[in-house]
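Here's the structure, in structure tokens; my notes come after.
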Amino acid sequence: MQLPMIIVHGGAGAWKDERIPVGVKHVGKAAEVGFDVLLKHGSALDAAEACTIYMESCGFLNAGKGARPNLEGILELDAMIVDGKNLDFGSVAAVTGIQNPVSLARYIMEKTDFKFFAGDNAKKIYQKMIEEGYRRELESGIIDLDSSSPTGDTVGCIVVDKDGNIAATSSTGGIPNKAPGRVGDSPVMGAGAFANDVCGASATGYGEHIMRVVLSRMAVLYVEEGLDVMSAARKAMDMFERKTGSEAGIIVADKNGEYGYSTNAKAMPMAVVRKDIDHLELRVCTG
């Protein structure tokens, strides 16, 4: 058993060759941020949020500060966090004026009676979150947690803590030149991410097609049916490509800390840390 562990992806897509090392660098840093939370006895949710906040804040990945603008030049962000232990989630879509939607998604999950907010009303929930002191801002729209990208699509992670509890995230600015108000798979439970008490998954790619096959849920289902996580990731991607003819990528991790991944895109930068932060694995999954 390789617990605790964290696996991170920086988005699958047509990465320019010179940008791939940048993506790898920042998913590696994000993994270290999340794993440091685990070493300090933080929960899987704590680590997943911290890891994703780093990716939203670094400015080099398609999430948060580095997100692609829509056709009107506005950053509309989507994000989700999933608590596998309780089969729970929080989501936010098409929110503007904030940098770290993953924290808002967690607030929605933990502190409201609902699961999913969008647009201006999501921003109102964000203001309530700050007023209540659930999170503190460094400056307007930017979360302080103690701890624009031309390539890739969506960031996400899966965390398994020392007790085998699983959390998963997904966060994005969406596809290039998207229509205002467009929402992809990232905040959709079972599509952009999924986790239960057996396994977790986080997907990246063309959201319109990922939603059609609920890609993350299918990958986890394959593990529940007896496949190892690497085989499940590959089977999920084979199914996705066969059904949609589109591009995507997926990472998968089970309650024992075993992990798998697959993409049919040019590249998907990844990082994995298991047990010891000195053992950071950086890699690029290629289609």
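Please treat every number below as a calculation from the coordinates, not as lab data. Predicted model only: the values in this text are computed from it and were never measured. Note that each Cβ is placed from the backbone with ideal geometry, even for glycine, and that neighbours are counted across all protein chains shown.
Couple of notes before you dig in:
- Isotropic mean projected area of the C-alpha convex hull, region 153-216 (nm²): 4.2
- Taking every alpha-carbon pair in region 3-160 and binning the separations at 10 Å intervals from zero gives 11, 41, 37, 10, 0 percent.
- In order along region 123-139, the phi-based Karplus estimate (6.51 cos²θ - 1.76 cosθ + 1.60, θ = phi - 60°) of 3J(HN,Hα) comes to 5, 5, 5, 4, 4, 5, 4, 5, 4, 7, x, 5, 9, 10, 8, 6, 7 Hz; Gly and Pro are listed as x.
- Using only side-chain charges placed at the Cβ, +1 for Lys and Arg and -1 for Asp and Glu, the dipole size of the chain relative to its Cα centre rounds to 540 debye.
- By other beta-carbon atoms within 10 Å, ranking Leu71, Leu45, Leu282 with the fewest at the front produces Leu71, Leu282, Leu45.
- Looking at the chain alone, DSSP beta bridges between its own residues are antiparallel in about 95 percent of cases.
- Averaged over residues, the count of other Cβ atoms within 10 Å places the peptides 55-62, 239-246, 256-263 in the sequence 55-62, 256-263, 239-246, highest first.
- The magnitude of the dipole of region 64-168, with charges of +1 and -1 set on the Cβ of Lys/Arg and Asp/Glu and taken from the Cα centre, is near 40 debye.
- Members of Lys29/Lys255; Lys128/Lys243; Lys40/Lys124; Lys65/Lys243; Lys29/Lys123; Lys25/Lys243 lying beyond 30 Å, as alpha-carbon distances in this model show: Lys128/Lys243; Lys40/Lys124; Lys65/Lys243; Lys25/Lys243
- Pair Leu282, Glu18: separation of 7 Å Cα→Cβ label points (nm): 1.8
- Ordering His26, His9 from the fewest to the most neighbouring beta carbons within 10 Å gives His26, His9.
- Counting every other Cβ atom within 10 Å of each residue's Cβ, Leu221, Leu77 order from fewest to most as Leu221, Leu77.
- For region 67-168, the convex hull drawn through the C-alpha positions has a volume of 126 cubic angstrom per residue.
- Over the chain: helical MRE at 222 nm, DSSP H runs n ≥ 4 each giving -39500 (n - 2.57), nearest 500: -10000 deg cm²/dmol
- Each Lys or Arg adds one and each Asp or Glu takes one away; over the other residues whose Cβ falls under 13 Å from the Cβ of Asp185, this sums to 0.
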